[in-house]
1. Spot the failing condition for residue 183; the list is (1) open to solvent by less than 80 Å² (accessible area, probe 1.4 Å); (2) within 23 Å of residue 124 (Cβ to Cβ); (3) of a type outside the set (Ser, Thr, Tyr), and only one is missed.
2. With respect to residue 123, is the statement that it is modelled with pLDDT of 90 or more, in contact with a Leu (Cβ under 7 Å, 6 or more places away or on another chain) and open to solvent by less than 70 Å² (accessible area, probe 1.4 Å) true?
3. Taking region 140-168, which residues are of a type in the set (Lys, Arg) and open to solvent by 70 Å² or more (accessible area, probe 1.4 Å)?
4. Might you check whether a residue that is part of a loop (DSSP other than H, G, I, E, B), in contact with a helix residue (DSSP H, G or I) (Cβ under 9 Å, 6 or more places away or on another chain) and open to solvent by 50 Å² or more (accessible area, probe 1.4 Å) occurs anywhere in region 56-75?
5. Looking at region 200-210, can you tell me whether even one residue there is over 30 Å from residue 109 (Cβ atoms) and either open to solvent by less than 80 Å² (accessible area, probe 1.4 Å) or of a type in the set (D, E, K, R) (or both)?
6. Is it fair to say residue 382 is without any contact (Cβ under 8 Å) to a residue 24 or more places away in the chain and exposed (fewer than 15 other Cβ atoms within 10 Å of the Cβ)?
7. Determine if region 123-141 includes at least one residue that is small (Gly, Ala, Ser), within 30 Å of residue 23 (Cα to Cα) and part of a helix (DSSP H, G or I).
8. For region 8-25, indicate whether the set of residues that are touching a Phe, Trp or Tyr at 6+ places or on another chain (Cβ under 6 Å) and acidic (Asp, Glu) is non-empty.
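The values are calculated or read from the model by the stated rules, or taken from the named source; none is laboratory data. Every value quoted in this text rests on a predicted model; they were computed, and no experiment measured them. Glycine also receives a Cβ, built like all others from the backbone with ideal geometry; neighbour counts cover every protein chain displayed. Side chains are part of the model used for accessible areas, which takes the heavy atoms of the whole protein and leaves out ligands, DNA and RNA. Shrake-Rupley method; radii C 1.70, N 1.55, O 1.52, S 1.80 Å.
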Amino acid sequence: MSWGTELWDQFDNLEKHTQWGIEFVERYTKFVKERSEIEISYAKQIRNLSKKYQPKKNSKEDEEYKYTSCRAFLSTLNELNDYAGQHEVIAENLTSQIICELTRFVQELKAERKSHFHDGRKAQQHIENCWKQLESSKRRFERDCKEADRAQQYFEKMDADINVTKADVEKARQQAQMRHQMAEDSKNEYSACLQKFNQEQNEHYYTLIPHIFQRIQDMEERRIQKVGESMKTFAEVDRQVLPIVGKCLDGMTKAAESIEPKSDSNQVIESYKSGFEPPGDVEFEDYSQPMKRTASDTSLSNSRNEGKPDKPISKSKGKLWPFIKKNKLSLKLGSGPEDFSHLPPEQRRKKLQAKIDEINKDIQKEMDQREALTKMKDVYLKNPQMGDPSSVDPRLAEISQNIEKLRLELQKFDGWLAEVEGRMPVRSDSSKRQSGMFEAQNNAPVNNNCAQDRESSPDGSYTEERSSEAQVKEFDDEFDDEEPLPTIGTCKVLYPFEGQNEGTISVAEGEVLHVIEEDKGDGWTRVRRNDDEEGYVPTSYVEVFLENTKGAMTYI
């Protein structure tokens, strides 16, 4: 059905209806906007909640996250943070796909509606003007006819009167004829106006108005269709994030299923195990003997003292361990002795091993820096224009001193660890020291005979530190690796470089290469072509993109 034929006389009502339709779209847009604000607020609250319960760095609670239940809770918090991100995606999509689109559409709709109704009013005004012209010609024709009748009656009266002169009669006759002619002209004009009006009116109601109303109808139908599409998008925006939300929920479920009660209970043993043996039987002391009371081993005597000469009972640290108050066992790292002798043997072993691992990492770091500076010095020696080789010597000397200090410190902690492991009832394979690796890398054997650093064991006795010797082994050259290094990113060449020295590679501007070793502070980056050609290029000549753990690219 067409508005032009069915609603030809409802111009004002159509104007009101289309205005209401635009207001409806604006109201729906406001609804979606408020929904988007709710999603943003909800996502913000979820993120804040996740952040609130995240473990703080360097906090006491960090120790708790070695338990599976605590790690599962941490995974749940991370998944919850991703879950909040999906609600932010919903808000973003609502804004871009509905709010912005409907706002633009409403502005276009208002302009189009204004144009259509302007054309309608113009056509209405035109037909009204034609009607007024018709009415004016009609009244003029009516007036002229009346004037002609009066003039004719006056002429007939004058012609019948014998007292009137011929001149007066002739004048009256001429006046009547003139009036008749005016009436005839008005009649013709009225007839022409009527014919024209009927044509205009027919065109108005059967052509012009139907065409305008049809355009208004099309506009209204587009408005309704746009609202329907927006409502569908409103649902699809939620549906699109459901798979990711489901993955977040699956992640929470998987985290919950990863909780292992037995593992956590065993972790408690690992965390608080002291390493002491349970006390032995208490010996009977016979007070009926007149002899002087002699000391006897108490329940705190260590079973390893059996078979050794009797010693006077001493208030040694080891014998008091089972009865030390909790606040003394909870001393913070750094508040006790450097050798951690304030801790039980098992806990002391773990602290010493952690310290040794930390020193090994520091040594490796210093060695990497020394290797990088050595490369830089070699480059300067081969290319003096790039820098002064002697400028690297002070830093190399400083690094050598640092490595020597770290070696001495490693020897000290190695000795303490050897002491603890020698007194442990059962030696764990996991407690074997790994310091020999760095001794070989540094091409210098390490002697663990640190008798001068000998400390008293928990039960007051002393243990000689075991000595070990590492064999010297030189590093192979980097380019003689049996297997190629893995790719850690890509780089784009900004400037051409002619690799004329050994170890360098020539590159052209705009070329894309694989990065297999990033700049370690010497100003060179190691790259590889697709044809397995490797070499170093100046870092300042390339734009490097390193791959992070999630697969994204990080710009350097």
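1. (2)
2. Details: modelled with pLDDT of 90 or more: yes; in contact with a Leu (Cβ under 7 Å, 6 or more places away or on another chain): yes; open to solvent by less than 70 Å² (accessible area, probe 1.4 Å): yes.
Yes, satisfied.
3. Step one: filter region 140-168 for residues of a type in the set (Lys, Arg), giving 140, 143, 146, 150, 157, 166.
Residues satisfying the conditions are 143, 146, 150, 157, 166.
4. Restricting attention to region 56-75, the residues satisfying the condition of being part of a loop (DSSP other than H, G, I, E, B) are 56-59, 67.
Okay, now just the ones that are also in contact with a helix residue (DSSP H, G or I) (Cβ under 9 Å, 6 or more places away or on another chain), so 56, 67.
Among the residues that remain, those that are also open to solvent by 50 Å² or more (accessible area, probe 1.4 Å) are: 56.
Yes - at least one qualifying residue is present in region 56-75.
5. Yes, that holds for at least one residue.
6. Values: without any contact (Cβ under 8 Å) to a residue 24 or more places away in the chain: no; exposed (fewer than 15 other Cβ atoms within 10 Å of the Cβ): yes.
When the stated conditions are applied, residue 382 does not pass them.
7. First, pick out the residues of region 123-141 that are small (Gly, Ala, Ser): 123, 136-137.
Now narrow it down to the ones that are within 30 Å of residue 23 (Cα to Cα): 123.
Next, only the ones that are part of a helix (DSSP H, G or I) stay: 123.
Taking every residue of region 123-141 in turn, at least one turns out to be small (Gly, Ala, Ser), within 30 Å of residue 23 (Cα to Cα) and part of a helix (DSSP H, G or I).
8. Yes: one or more hits.
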